[in-house]
Structure formats: structure tokens, C-alpha cells
Amino acid sequence: MRWQGGRRGGNVEDRRGLGPGKAVGGGSLIVVVIALVGYFVFGMEPKDVERLIESTSTQTSSQQSGEVGTPEDQAGQFVDVVGANINDVWSGMLPDYREPTVVLYTQGTSTGCGYGQAAMGPFYCPNDQTVYLDLSFWQQMEDQLGASGAEFARAYVIAHEFGHHVQTLTGTSQQVRQAQQQASSQAEANKYSVALELQADCYAGVWAANAAKVSNGTVALEPGDMREGLKTANAIGDDMLQKRSQGRVTPEAFTHGSAEQRMTWLNRGYETGDPRQCDTFN
């Protein structure tokens, strides 16, 4: 993936090295459990973050703040350039688009949705409209889940979380939460969750299709990149994760979609480059 000549956004808050924020109160065990669940489904979705808020309602987090700008290390610069490019793509598609904040952290940190932990993997918090990334997840994703180590595979993860930000801005996330509250069963509620996640995958593909156009080619996919992205989408499908963790597949418990579904919608976004083609609900 080409990116090193891309525009730097300078809007990354770097909390790495500050140490984990402190969670106060009796809810820490609940946070750990939710964090582990979030990790195995590849980043917490908005409804799961809302559950985190509820579970930590009796505790507070010490506030943390890091230096805002462009990190000096290559991994941090990658996040900054990719994030800036994603913002450029969506700014051209949504008239009222507002850039999310991106926070890099290690181990744990305070968030607008409670106490965030690295075991959650990448996640988006709708309360503070922030994407949270512990970059150690890249290696865990490769070693434990069999995902690709290619740079575009990592960019796909970032773009997926930005996709949740787009869903927050468009009201889709709120509509899904309302539908889930009215669902007659957990299985029905899970179907809405799957649709939300697959749409975020499709939005990641839309970004990839338009990355070069908005950057005059300084940020662009190269031959083989989409193949590596699809490899990662396959590795984090619910059926693949369930086989790995419990040895069997339970479709009614899916929350993010099967490997085939995730690959299909990522590819659809990339092939069309049009967010209007990302209707995963109908």
C-alpha cells in the first residue's frame, strides 16, 4: 500500500507511554469480560460500547490526555495518514461530515464510553466520536486470528471503525439500537448488529476505492492489497472465530457476519466506490 507521501492530518492524540488510566469502582471485572468479547469479534460496535457504558455506570475513569499532532514513529504516522485520507474521502461524500478524533493508547485508557482496554481491539465510541487504537492489536490479529500483516489489512481495520463514525453521523447506529430494543429475540437483535458491521466493512471498501482519487495517488492500493484485506475479512468472520474458540458454528449468535459476508461487503464497497451500494439492511 502506498501511503508515505500522503497528507498528514495532525489530529492524532497519542496517549502511548502514559500508562493505563485507572478504573475506579466495582465494575472492572465486567469491563474485562466485555473487553474479551470485543476482542474476539474484532473491535466493539456501537451497541456493545453502549453496554460498556451501562456496566461501568458505577465507576469513573481518571481523565487522560496525550499530545495531539502527528506521531513521530512510523506506525503512528501510518494511522495519521490513513485517517486523514479516510476523512478526505468522506468529506467529499457527506456534506455535514465531521472528523472523528483518533486516540492511540497502550493497555488501557479513559474514554467517553467508560474504561477502554487493549483486549477490546480497535473500537469506536459514539459518545465522544473517537476511534481508539492500541497498535499491539495488529500483531495479535496476525498471530492469533490468522489475519494478514499487510499494511492495507491494517488500514481496513481503521476504515471499518471510521465507518461506525459515519453510521453515527447519518443516524444509522441510533436506528439500529432502536430496532434492537424492539426485537423479539436476541437472534433477531443480532441480525441488526450483523447488518451494521457489514455496512462498516462496505464503507471501508468505499474508502479504499476512492483513496487514490482524493490524494492524487499518494495514498493508494497496490496490486495484491485487496487480496490481503479479504484475507483479514475472512479471518475475522464470526464463523471462523467461533470455530477457533468453541469448535462449532452458531449462526444465530453472529454479531459481525460470516467470513463470506464480510469479504463480500468489503469487496462490494471497493468495486462500486459508492456508499449508496452499502445497504446491508434490505
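Here is how the numbers come out for the structure above:
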| read-out | value |
| --- | --- |
| Single residue of the stretch 223-282 satisfying the filter (assigned to a helix (DSSP H, G or I) and of a type in the set (Asp, Glu)) that is farthest from the chain's Cα centre (by Cα) | 252 |
| Among (1) surrounded by fewer than 24 Cβ atoms within 10 Å (Cβ to Cβ); (2) at pLDDT 95 or above - the single one residue 76 does not satisfy | (2) |
| Test for residue 160: is it touching a residue at least 12 places away in the same chain (Cβ under 8 Å), more than 20 Å from residue 231 (Cβ to Cβ) and buried (at least 24 other Cβ atoms within 10 Å of the Cβ) | no |
| Unique residue being in contact with a Cys (Cβ under 7 Å, 6 or more places away or on another chain) and aromatic (Phe, Trp, Tyr) when the list is 156, 132 | 132 |
| Helices (runs of 4 or more DSSP H) enclosed by the stretch 106-214 - at least 3 residues per element that are under 23 Å from residue 93 (Cβ atoms) | 151-170, 172-182 |
| Residue 269 vs. criteria in contact with a helix residue (DSSP H, G or I) (Cβ under 8 Å, 6 or more places away or on another chain), at positive phi and modelled with pLDDT of 95 or more | no |
| Inter-residue pairs, beta-carbon under 6 Å, first crowded, with 18+ Cβ neighbours inside 10 Å and in the stretch 184-201, second aliphatic (A, V, I, L, M) and not in a helix (DSSP H, G or I), 6+ apart | 189/183 |
| Of the criteria (1) free of Cβ contacts under 8 Å to residues at least 24 places away in the same chain; (2) buried (at least 18 other Cβ atoms within 10 Å of the Cβ), which one residue 211 fails | (1) |
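The values are calculated or read from the model by the stated rules, or taken from the named source; none is laboratory data. What you are looking at is a predicted structure, and each value in this text was computed from that prediction instead of being measured. Don't worry about glycine lacking a Cβ; one is built from the backbone with ideal geometry, like all the others, and counts go over all protein chains shown.
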